[in-house]
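Reading through the structure tokens given below for one structure.
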Amino acid sequence: MVYMKKLKSTRVYLLLIAILGVLAVAGCVLPAAGPAPDTTAPTVDLVSPANLAASAVINTKLVASFSEAMDPATISTTNFTLAQGGTAIAGVVAYAGTSATFTPTSVLVGGTTYTATISYGVKDVAGNAMASSYSWSFTTATLLDITKPTVGTPLPLPSATGVAINATVSAIFSEVMDPLTMTTANFTLKQGTTAVTGTVATVGNTLTFTPAANLGNSLVYTATITTGVRDLAGNAMAAAYVWQFTTSAAADTTAPTVTAKVPVANATLVPVNSNITATFSEAMAPLTINTVTFTLKQGTTPVTGAVTYTGSTATFNPASALAGGIVYTATITAGAKDIAGNPLALTTWNFTTVALATGPAPVLLGSAGNFVVLAKSAISIANVLSHITGDIGVSPAAASFVTGFSLTAAGYYATTSYVTGKVYAADMAPPTPITMTTAISDMETAYTDAAGRPTPDFIDKNTGNLGGQTLTAGLYKWGTTVTAPSNFTISGGANDVWIFQIAGDLTVSNAVIVTLSGGAQAKNIFWQVAGQVTLGGDSQFAGIILSKTAITTFAGTGLATLNGRALAQTAVVLDKVTITGP
């Protein structure tokens, strides 16, 4: 008997082996393992009032929207708190969709800063806690919010035709709405009198209705948002919002694309206060455009910010200014979908911010900046090859002290072949006298500003000899005369600033060349000279000269050049020179 039992067991075992072998030959496989468990920590993607908001209304609720569905049992007054300083604010916490709401027991106090906190005790439906607590602050205004919300942009658009039968329906409101009121009771979709079943989801100011099944072919549907929806202050819409659209005969299976990016791919010199935008080829499902699907990074470091979607454009607004001279990478993932649910292909692009300025703040020239040459006592020119591009002026001296130019009177200004621009003097017709008085005053103010800048970065550099030097951005101060017997370089970025404070004269020798490198611009270079400025023949100089006395140029075999401005509190004496405003 024992033998027979063993034989039967062996036969069963061999039979199982044979069956598995047949299945393998037939290409059958055993059932795959289930989906990988969710181990991703949830995050807070959107809050209202916004972090650092300066004028939150005093009758507002607070809302925090999460990156995924949360366990409602963990959303409580223990894990969602509001405080003013060290004083806790009483309130009620509720949860709907992916948003938690804190309703203060009474209106907040105007002109007061509050801090809200979501602790890491909140968990998603898989039991994952946030990596750390999330806090934000805001300051209240003194008024109640009594403004009724409105619907800004519905999708599909009113009277739209050819709407895909697998489309979702969305509405973007004029402000953040109370998620507890955004329900199927307050949003309906009907074909005729037949209601379409589906689910409502909301984040911030956006509501989305997802039908349980595809809509019918070539049919008219009516969407209705009732006055039951309310903003965070409890204001209802003035009236129900109703719109219609007509479906197509087929589902939409075409993936959306990004048709425009700002900044454009590989852009340089991007301002550090820029927003990043992406325009899509078609309407997108607003709830899929968020800080999870639209990100900005510097290397591997995420940039915090808020994401909004309007029309067909998504905008990433960094929470603070970007760093200067840095490469950033914007990414929109396949989690971004059109209203039919088709995912976008992963899209990334880089751009580089403009390097931040170094050196002191620039000297403000006021109306003196309207002139390339400006003097108080006289302006003279001695060589027919000389030329000035930009306006010149003299005051309180009269036009008779503008010599060598062969002026032609033209009412309140004069012209000359030596100047591409206008010539002004104190005795010309109004409004020139007042204009010139103001310009001279602004010139003197600019000189005083430049001379009075404190805490220089460099003092008596190279004992006043600029020859062979490379001058980086900063404030320079010399207590003596400064000379340039040989070439030198001014090196820095396009927004960097140089101020040179010179107690004596500034003398630039013949044929000396000032080279601007690295993007340095003449408009950001200021030469404040208490003595006289002399530019030698054939020299090439750059910057705005603010001279307490005279500015003089001399003749050479070629033209001396000045890329800048000659602003003198006595005379400007020009020989063989070309001057061009920066």
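Quick one: which strands (runs of 3 or more DSSP E) lie wholly within region 511-582 and hold at least 2 residues that are more than 19 Å from G393 (Cβ to Cβ)?
514-517, 525-529, 533-535, 540-547, 560-568
Any residue that is among the charged types (D, E, K, R), closer than 19 Å to G204 by Cβ and surrounded by fewer than 21 Cβ atoms within 10 Å (Cβ to Cβ) - is there at least one of those in region 278-293?
Looking for residues that are among the charged types (D, E, K, R), closer than 19 Å to G204 by Cβ and surrounded by fewer than 21 Cβ atoms within 10 Å (Cβ to Cβ), one finds none in region 278-293, hence no.
With the structure loaded, tell me whether P396 is in a loop (DSSP other than H, G, I, E, B), under 26 Å from K548 (Cβ atoms), at pLDDT 95 or above and within 41 Å of the chain's Cα centre (by Cα) or whether it fails that test.
Answer is no for this residue.
Is at least one residue of region 265-273 in contact with a Ser or Thr (Cβ under 8 Å, 6 or more places away or on another chain), modelled with pLDDT of 95 or more, surrounded by fewer than 17 Cβ atoms within 10 Å (Cβ to Cβ) and over 18 Å from T353 (Cβ atoms)?
No: region 265-273 contains no residue that is in contact with a Ser or Thr (Cβ under 8 Å, 6 or more places away or on another chain), modelled with pLDDT of 95 or more, surrounded by fewer than 17 Cβ atoms within 10 Å (Cβ to Cβ) and over 18 Å from T353 (Cβ atoms).
Determine if region 526-534 includes at least one residue that is crowded, with 24+ Cβ neighbours inside 10 Å and in contact (Cβ under 8 Å) with a residue 60 or more places away in the chain.
Checked against the condition, which is being crowded, with 24+ Cβ neighbours inside 10 Å and in contact (Cβ under 8 Å) with a residue 60 or more places away in the chain, region 526-534 yields at least one hit.
Report the residue count in region 183-231 for those that are part of a loop (DSSP other than H, G, I, E, B) and within 17 Å of A171 (Cα to Cα).
Final tally of qualifying residues: 11.
Given the options T415, T463, name the one that is of a type in the set (V, I, T), surrounded by fewer than 18 Cβ atoms within 10 Å (Cβ to Cβ) and outside any helix (DSSP H, G or I).
T415 is the lone residue from the list that is of a type in the set (V, I, T), surrounded by fewer than 18 Cβ atoms within 10 Å (Cβ to Cβ) and outside any helix (DSSP H, G or I).
Can you pull out every residue in region 438-459 that is assigned to a helix (DSSP H, G or I) and exposed (fewer than 14 other Cβ atoms within 10 Å of the Cβ)?
T448, G452, listed by residue number.
In region 64-75, what residues are farther than 13 Å from P179 by Cβ and surrounded by 17 or more Cβ atoms within 10 Å (Cβ to Cβ)?
Scanning region 64-75 gives S67, T74.
Consider A542 carefully, then state whether it is touching a Gly at 6+ places or on another chain (Cβ under 7 Å), modelled with pLDDT under 95 and under 25 Å from A368 (Cβ atoms).
no
Run A249 past the list (1) part of a strand (DSSP E or B); (2) small (G, A, S); (3) over 17 Å from the mean Cα position of the chain (by Cα) and report the number of the one that doesn't hold.
Unmet condition: (1).
Can you run down the residue pairs with Cβ atoms below 6 Å, 6 or more apart or on separate chains, where the first is in region 382-406 and on the phi > 0 side of the Ramachandran plot and the partner is part of a strand (DSSP E or B)?
So the pair list comes out as G390/G421; G404/S380; G404/I381; S406/T416.
Determine whether N317 is more than 30 Å from T202 (Cβ to Cβ) and of a type outside the set (A, V, I, L, M, F, W, C).
The answer is no for N317.
Can you name every residue in region 22-60 that is small (G, A, S), in a strand (DSSP E or B) and either closer than 30 Å to G127 by Cα or modelled with pLDDT under 60 (or both)?
S48
Report the residue count in region 151-182 for those that are modelled with pLDDT of 95 or more, touching a strand residue (DSSP E or B) at 6+ places or on another chain (Cβ under 7 Å) and among the polar types (S, T, N, Q).
5
Based on this model, can you work out whether T483 counts as β-branched (V, I, T), assigned to a strand (DSSP E or B) and more than 40 Å from the chain's Cα centre (by Cα)?
It is true that T483 is β-branched (V, I, T), assigned to a strand (DSSP E or B) and more than 40 Å from the chain's Cα centre (by Cα).
For region 53-86, name all the residues that are hydroxyl-bearing (S, T, Y) and within 31 Å of the chain's Cα centre (by Cα).
S55, T60, S65, S67 - these are the residues of region 53-86 that are hydroxyl-bearing (S, T, Y) and within 31 Å of the chain's Cα centre (by Cα).
Which numbered condition trips up L269, out of (1) out of contact with any Lys or Arg (no Cβ under 6 Å at 6 or more places or on another chain); (2) at negative phi; (3) assigned by TED's automatic domain parsing to the domain that holds V303?
Among (1) out of contact with any Lys or Arg (no Cβ under 6 Å at 6 or more places or on another chain); (2) at negative phi; (3) assigned by TED's automatic domain parsing to the domain that holds V303, L269 violates only (2).
Just checking, does region 408-426 include any residue being within 22 Å of A550 (Cα to Cα), touching a Gly at 6+ places or on another chain (Cβ under 6 Å) and aliphatic (A, V, I, L, M)?
Within region 408-426, none of the residues are within 22 Å of A550 (Cα to Cα), touching a Gly at 6+ places or on another chain (Cβ under 6 Å) and aliphatic (A, V, I, L, M).
List the pairs whose first member sits in region 205-222 and is in contact (Cβ under 8 Å) with a residue 24 or more places away in the chain, whose second member is part of a loop (DSSP other than H, G, I, E, B) and of a type in the set (G, A, S), and whose Cβ atoms are under 6 Å apart, counting only residues at least 6 apart or on separate chains?
Hits for this filter: N217/A249; S218/A249.
Do we have V242 as surrounded by fewer than 19 Cβ atoms within 10 Å (Cβ to Cβ) and assigned by TED's automatic domain parsing to the domain that holds T161 here?
In short, yes.
Are any residues in region 346-366 assigned to a loop (DSSP other than H, G, I, E, B) and more than 20 Å from the chain's Cα centre (by Cα), and if so, which ones?
L346, T358, G359, P360, A361, P362, V363, L364, L365
So is A321 assigned by TED's automatic domain parsing to the domain that holds A336, assigned to a strand (DSSP E or B) and among the hydrophobic types (A, V, I, L, M, F, W, C) or not?
When the stated conditions are applied, A321 does not pass them.
Here is a yes/no grid of residues against (1) out of contact with any Lys or Arg (no Cβ under 6 Å at 6 or more places or on another chain); (2) surrounded by 14 or more Cβ atoms within 10 Å (Cβ to Cβ):
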site: I89; (1), (2): yes, yes
site: T103; (1), (2): no, yes
site: V109; (1), (2): yes, no
site: T112; (1), (2): yes, yes
site: V122; (1), (2): yes, yes
site: F138; (1), (2): yes, yes
site: L143; (1), (2): yes, no
site: A160; (1), (2): yes, yes
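Listed here are the residues, each with its yes/no results for (1) small (G, A, S); (2) in the same structural domain as S509 (by TED's automatic domain parsing); (3) modelled with pLDDT of 95 or more.
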position: K422; (1), (2), (3): no, yes, yes
position: D449; (1), (2), (3): no, yes, yes
position: D460; (1), (2), (3): no, yes, yes
position: G468; (1), (2), (3): yes, yes, yes
position: L471; (1), (2), (3): no, yes, yes
position: D496; (1), (2), (3): no, yes, no
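The values are calculated or read from the model by the stated rules, or taken from the named source; none is laboratory data. Values in this document were obtained by computation on a predicted structure and should not be read as measured data. Here Cβ is always computed from backbone atoms with ideal geometry, including for glycine, and neighbour counts include all displayed protein chains.
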